[in-house]
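Comments concern the structure below.
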Amino acid sequence: DKIDYKKKIGADINEYLICFWNAIQKGWLPPKHITKEEYYYIKDNKDEDKKLTLWAGICCSFKGKWFGGYTGKINTEKENRDYQKEAYSNVLKQIPNIKNVKFIHSDYKSLNIPPKSVIYCDPPYENTTKYKDNFNNKEFWNWCREKVKEGHYVYVSEYNAPEDFVCIWQKEV
């Protein structure tokens, strides 16, 4: 969403994520807060409302991990944060940037990519906590190489890229 380009496609294998962003584009907003009881109800009934499931499963979950444990307000000596409020605010900030994005539920390998596209990938980071779905990093990097050979510009967010990829930006975490 950060580049000035007429045709933008956002694709992900996570159907809940795509339902979420399509709903946001149509004017739906997630609740500002869900309770712990609501969180676990949604977790047990994921297909009842996929956009809400994404909201609970990532934005109201510990460290943004797919149903990694309920999080809300934390008020301790070390930390005073409202994670749901922060997530809600971040979604609101994204709305103007996604108006012209076409969101598609697709595996990256099945996605129909127009010629000479700019491709930005944010795969599950290798050697970190697993995401909702399994991911083959070696296969992914080979796919990126093929896309470059086809004439695309490929950018990837990753802590550890293979040696034949060039780091263009980094930030200490």
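Structure values in brief
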{"read-out": "Residue check, Arg145 charged (D, E, K, R) and at pLDDT 90 or above", "value": "yes"}
{"read-out": "Number of positions in the range 117-126 that are in a strand (DSSP E or B) and either free of Cβ contacts under 8 Å to residues at least 24 places away in the same chain or surrounded by fewer than 14 Cβ atoms within 10 Å (Cβ to Cβ) (or both)", "value": "1"}
{"read-out": "Test: residue in the range 45-67 that is closer than 18 Å to Ser106 by Cα, of a type in the set (Gly, Ala, Ser) and either in a helix (DSSP H, G or I) or out of contact with any strand residue (DSSP E or B) (no Cβ under 6 Å at 6 or more places or on another chain) (or both)", "value": "no"}
{"read-out": "Selection within the range 83-114 - charged (D, E, K, R), under 30 Å from Glu139 (Cα atoms) and assigned to a helix (DSSP H, G or I)", "value": "Lys109"}
{"read-out": "Some residue of the range 109-116 being at negative phi, surrounded by 13 or more Cβ atoms within 10 Å (Cβ to Cβ) and among the polar types (S, T, N, Q)", "value": "no"}
{"read-out": "Test: residue in the range 51-65 that is modelled with pLDDT of 95 or more and among the charged types (D, E, K, R)", "value": "yes"}
{"read-out": "Residue among Phe165, Phe135, Phe140 that alone is open to solvent by less than 100 Å² (accessible area, probe 1.4 Å), within 30 Å of Tyr39 (Cβ to Cβ), without any contact (Cβ under 8 Å) to a residue 60 or more places away in the chain and out of contact with any Gly (no Cβ under 8 Å at 6 or more places or on another chain)", "value": "Phe135"}
{"read-out": "Test: residue in the range 145-155 that is within 19 Å of the chain's Cα centre (by Cα) and closer than 23 Å to Asp1 by Cα", "value": "yes"}
{"read-out": "Number of the condition not met by Tyr159 [criteria: (1) aromatic (Phe, Trp, Tyr); (2) modelled with pLDDT of 90 or more; (3) surrounded by fewer than 12 Cβ atoms within 10 Å (Cβ to Cβ)]", "value": "(2)"}
{"read-out": "Condition met for Lys78 (in contact (Cβ under 8 Å) with a residue 60 or more places away in the chain and more than 19 Å from the chain's Cα centre (by Cα))", "value": "no"}
{"read-out": "Every pair of residues 6+ apart whose Cβ atoms lie under 9 Å, when the first sits in the range 21-38 and is within 15 Å of Tyr83 (Cβ to Cβ) and in contact (Cβ under 8 Å) with a residue 60 or more places away in the chain while the second is hydroxyl-bearing (Ser, Thr, Tyr) and open to solvent by less than 50 Å² (accessible area, probe 1.4 Å)", "value": "Pro30/Tyr88"}
{"read-out": "Residue within the range 38-51 that is of a type in the set (Val, Ile, Thr) and over 15 Å from the mean Cα position of the chain (by Cα) present", "value": "yes"}
{"read-out": "Unmet criterion (only one of (1) touching a Pro at 6+ places or on another chain (Cβ under 6 Å); (2) more than 30 Å from Lys26 (Cβ to Cβ)) for Phe135", "value": "(2)"}
{"read-out": "Unmet requirement for Asn97, which otherwise passes all of (1) out of contact with any Asp or Glu (no Cβ under 6 Å at 6 or more places or on another chain); (2) open to solvent by 50 Å² or more (accessible area, probe 1.4 Å)", "value": "(1)"}
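The values are calculated or read from the model by the stated rules, or taken from the named source; none is laboratory data. Everything quoted here is computed from the prediction, not taken from an experiment. All Cβ positions, even for glycine, are placed from backbone atoms using ideal geometry, and neighbour counts span all protein chains on display. In case anyone asks, the SASA skips ligands and DNA or RNA and just uses the protein heavy atoms, side chains included. Shrake-Rupley method; radii C 1.70, N 1.55, O 1.52, S 1.80 Å.
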